[in-house]
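Please read the structure below before turning to the comments.
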Amino acid sequence: MAGIGSSLEFSGSLTSSSLPPPRTRIFKIIVIGDSGVGKTCLTYRFCAGKFPEKTEATIGVDFRERLVDIDGEKIKIQLWDTAGQERFRKSMVQHYYRNVHAIVFVYDVTNAASFRSLPAWIEECQQHALGSEVPRILVGNKCDLRDSLQVSTDTAQQFADSHSMPLFETSAKSPGGPEEGTHRDSDHVEAIFMTVAHKLKSQKPLILSQPPAESRGPTVNLSRARDEGGRGWSCSSC
Amino acid sequence: MGKKQKLAEIHQALNCDPVDIETLRRAAVSKGGLLTDEIRRKVWPKLLNINVFDLPPKPGKDVRENHRDHNQVLLDVRRSMKRFPKGKQLIDIILDVLKCHPQLHYYQGYHDVAVTLLLVVGERMALALLDKLSNFHLRDFMDPTMDSTKHILNYLMPILEQVDTELHDFMIRAEVGTIFALSWLITWYGHVLSEFKYTLRLYDFFLASHPLMPIYLAAAIVLHREKEVKTTECDMAMVHHLLSRIPQDLPYELLIAQAQELFDHYPPSVLAKKAALQSRKSLSISTFQAFQLSTLHQRPDSVLQRLTKNPAPSSSNMALLPREPSSLWGQGNRVVKMAVWGLSATLGAAVFAVAQTAMEWGPEVLLQLF
Ligand SMILES: Nc1nc2c(ncn2[C@@H]2O[C@H](COP(=O)(O)OP(=O)(O)OP(=O)(O)O)[C@@H](O)[C@H]2O)c(=O)[nH]1
Ligand SMILES: [Mg+2]
């Protein structure tokens with residue numbers, strides 16, 4: 001009964017032989033939202049580059065990561081894929097809210113209830129002292145299922161605006177839209193997490209995984225994010 | 001001991017009157033476990049004090065209607081369907097148990113336990129086993145919150161501390177916590193093992209053991225990987241990642257033996273004292289003794305079959321009653337009634353009935369009784 005979290009998963013950079021050299025910066029991003037919205041699929045898509053054939057319920061917290069290159073700097077993006085069921089969130093996931101650099105809220109565009117849960121999730125994050133200074137984004141997943149849409153872009157956008165978050169709509173299944181292949185270049189999921197990474201890189205006070213990195217990258221122009229559907233963070237704020 | 005000899009011993013134990021439960025437990029724990037599914041179908045019910053001739057009826061159609069956990073169960077079962085085709089039965093037995101016991105709350109991972117039982121023993125027997133397990137071994141996981149589960153997880157680090165202080169301190173420094181072992185504990189490893197035969201082997205072990213045994217096995221696994229752990233970066237993410245992925249080729253027989261050894265050396269009561277684990281009521285732990293007592297006086301299947309064929313008048317009336325969740329089988333009384341009707345009036349049944357009632361009053365009452 002091994003879930004996607006164990007045997008099937010791969011994560012490109014975790015074997016000891018390919019451990020990044022010290023001073024690789026690490027961005028920790030926690031992914032939260034109701035059960036079934038596709039958190040595991042999204043994180044898997046980003047770290048493994050494909051839609052998982054099957055996922056199983058996430059129990060507790062799963063962890064995926066990927067090394068990316070941002071303006072010549074290798075950065076490790078750590079995704080914390082959390083359990084959606086409420087009982088886990090209340091007492092188990094807490095531990096993992098600490099020290100995260102960004103939060104990704106996920107709802108399912110074909111499931112209005114998952115959208116209605118968002119305030120509770122946001123509240124939860126605030127309780128764990130993750131205030132508005134921690135970058136947060138909102139992701140509406142499963143956009144490939146157009147016929148069963150329950151949450152309109154407008155509604156979601158309004159909500160995102162009221163919480164000062166950028167909204168992204170995408171599909172872990174076919175992130176480049178139905179016509180396109182799943183090449184990373186045309187991949188919204190890729191763009192979403194990279195946007196967050198860029199945002200984090202451009203933030204001044206950075207929490208480093210290892211003691212001082214003397215170089216700090218220049219502010220990054222986030223030209224891509226907007227094209228890819230991100231709204232809410234104006235470029236100037238990056 | 002050879003396989004043949006073990007088989008003979010198991011059969012002999014099954015035919016004793018009362019059933020030789022100690023021998024069955026030893027067989028389930030010792031090398032190779034219960035060997036085949038055929039034997040599991042005979043022994044698992046005995047380990048849980050279940051009369052296979054008086055099983056609950058198949059869940060009715062109405063079981064799937066409006067239960068608070070219905071959607072979550074559906075979602076979890078559907079996602080595990082590719083591997084396990086019996087989705088409908090799985091949903092039914094889960095919801096049936098939940099409906100019978102409103103105090104039990106579904107958790108993601110419960111379906112992994114249910115499916116393991118279902119695949120080995122079939123629907124009706126799986127229902128009986130799941131019902132019993134949910135009220136005893138898994139009981140703590142089924143509270144409205146996971147606080148009791150957290151408490152059980154808290155036994156892990158003290159075990160490590162006893163055996164390997166260095167490893168323990170390393171993990172404390174990394175602040176890894178114990179969530180990496182959460183799915184191991186609440187699914188009895190069913191969620192994380194890709195080879196079903198290993199899952200079954202572990203179920204043999206756990207069905208014959210104390211409810212905390214999955215934690216002792218977790219400790220044995222972590223200790224087994226001690227070198228890997230210590231050479232990992234001392235960081236929560238790295239250690240969590242390393243530990244939460246169970247290598248596929250673990251030497252399970254060895255680890256089971258080690259877990260048993262750890263349990264014998266550092267029983268829960270000792271750990272609780274040493275580690276000053278905050279005293280929290282664990283239903284699984286506090287009812288275990290009564291549960292074990294209740295298994296001591298079971299009749300062999302040959303006798304049970306005879307008794308069930310020529311049942312006492314009262315029990316034949318019961319058999320004619322239509323299945324109604326709110327009537328005789330419902331509302332948490334099923335287990336008691338099964339014990340009382342299914343067994344002849346032995347001490348076991350009496351003890352068990354007491355245990356059930358007492359559980360509703362709270363474990364203190366229970367402890368006073370034994
Ligand atoms: N059509 C479609 N299905 C998707 C998409 N993303 C996820 N799914 C499906 O939705 C179901 C749930 O996906 P998961 O990634 O397991 O959901 P989760 O949020 O991790 O759920 P929990 O672990 O229970 O919290 C699975 O059956 C996926 O195949 C998507 O973009 N499109
Ligand atoms: Mg998941």
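Per-residue HN-Hα couplings for the range A:49-57, Karplus 6.51 cos²θ - 1.76 cosθ + 1.60 at θ = phi - 60°, whole Hz, x for Gly and Pro?
Per-residue couplings from phi come out as x, 8, 7, x, 4, 8, 10, 10, 3 Hz.
Compute for chains A and B the buried accessible surface, both sides summed, probe 1.4 Å, and express it in Å² to the nearest 100. Before the final figure, lay out each step's value.
Values: alone 11620 and 16570 Å², together 24640 Å².
When A and B are taken together, about 3500 Å² of accessible area is lost.
Whole-Hz ³J(HN,Hα) for each residue in the range B:60-77, computed from phi via Karplus 6.51 cos²θ - 1.76 cosθ + 1.60 with θ = phi - 60°, x for glycine and proline: what do you get?
x, 5, 5, 5, 7, 7, 4, 10, 4, 9, 3, 5, 5, 4, 4, 4, 6, 5
Any chance you could get the radius of gyration and Dmax over the Cα atoms of the range A:130-170, in Å?
For the range A:130-170, the Cα radius of gyration and maximum Cα-Cα distance read 11.5, 37 Å.
Once you have all Cα-Cα distances for the range B:138-284, histogram them in 5 Å bins from zero and send the whole-percent values.
2, 9, 20, 24, 22, 16, 6, 1
Pairwise over distinct Cα atoms, reciprocal of the mean inverse distance: report the Kirkwood radius of the range B:33-171 in Å, one decimal place. Walk me through the numbers on the way to the answer.
Numbers: mean 1/r = 0.0605 Å⁻¹.
Averaging 1/r across every pair of different Cα atoms and inverting gives 16.5 Å.
What are the ³J(HN,Hα) couplings of the range A:117-126, residue after residue, when phi is run through the Karplus curve with 6.51, -1.76, 1.60 and θ = phi - 60°? Round to Hz, x for glycine and proline.
6, 4, x, 5, 5, 5, 4, 4, 5, 5
Give me the inter-chain shielding for A:58-68: mean count of other chain Cβ atoms within 10 Å, whole number please.
Values: counts 4, 15, 17, 7, 6, 9, 1, 3, 0, 0, 0.
Across A:58-68, the average partner-chain Cβ count within 10 Å equals 6.
What value in Å³ per residue do you get for the convex hull of the alpha-carbon atoms in the range A:22-81?
Values: hull volume 5.4 nm³, N = 60.
Cα-based convex hull of the range A:22-81, divided per residue, equals 90 Å³.
How long are the semi-axes of the equivalent ellipsoid of the range A:46-141, taking √(5λ) for every eigenvalue λ of the Cα gyration tensor, in whole Å from largest down?
Working: eigenvalues 99, 67, 41 Å².
Ellipsoid half-lengths, sorted descending, are 22, 18, 14 Å.
Where Rh is the Kirkwood radius over the Cα pairs of the range B:69-146, the temperature 37 °C and the viscosity 0.692 mPa s, what D in µm²/s does Stokes-Einstein return?
Working: Rh = 12.2 Å.
Answer from the Stokes-Einstein relation: 269 µm²/s.
Please work out the C-alpha center-to-center distance from the range B:1-36 to the range A:99-172 and express it in whole Å.
55
Would you pull out the residues with amide H under 5 Å of A:Gly33's amide H, same chain only if 5 or more places away, H placed 1.01 Å from N?
Sorted by chain and number, the residues that satisfy this are A:Val106.
Could you report the accessible area of B:Met1 in Å², rounded to 10, computed with a 1.4 Å probe on the protein chains as they sit in the structure?
140
List every residue whose amide H lies under 5 Å from the amide H of A:Glu169, counting only residues 5 or more places away in sequence or on a different chain, with H placed 1.01 Å from N in the peptide plane.
Those qualifying (amide H under 5 Å, at least 5 residues apart or on another chain) are A:Gly140.
Accessible surface of B:Phe136 in the full protein assembly, 1.4 angstrom probe, to the nearest 10 Å²?
Here the residue's solvent-accessible area equals roughly 0 Å².
Straight-line reach only, C-alpha to C-alpha below 17 angstrom: list the lysines that A:Lys201 could link to, leaving out same-chain residues fewer than 8 apart.
A:Lys28, A:Lys74, A:Lys76
Under the √(5λ) rule applied to the eigenvalues of the Cα gyration tensor, what semi-axes describe the equivalent ellipsoid of the range B:117-189? Give them in Å, descending.
Numbers: eigenvalues 200, 35, 19 Å².
Each semi-axis is the square root of five times an eigenvalue, giving 32, 13, 10 Å.
Quick one: which residues, 5+ away or cross-chain, put their amide H under 5 Å from the amide H of A:Arg136? H built at 1.01 Å from N.
Hits under the 5 Å cutoff: A:Ile103.
Over its Cα atoms, what ratio of radius of gyration to 2.2 N^0.38 Å does the range B:29-93 give? Could you put the intermediate results ahead of the total?
Numbers: Rg = 15.6 Å, N = 65, 2.2 N^0.38 = 10.7 Å.
That ratio works out to 1.45.
The values are calculated or read from the model by the stated rules, or taken from the named source; none is laboratory data. As the structure is a prediction and not an experimental result, all values here were calculated from the model. Cβ: placed from backbone, ideal geometry, glycine included. Neighbour counts: every protein chain shown. SASA here: full protein model, heavy atoms, side chains in, ligands and nucleic acids out. Shrake-Rupley method; radii C 1.70, N 1.55, O 1.52, S 1.80 Å.
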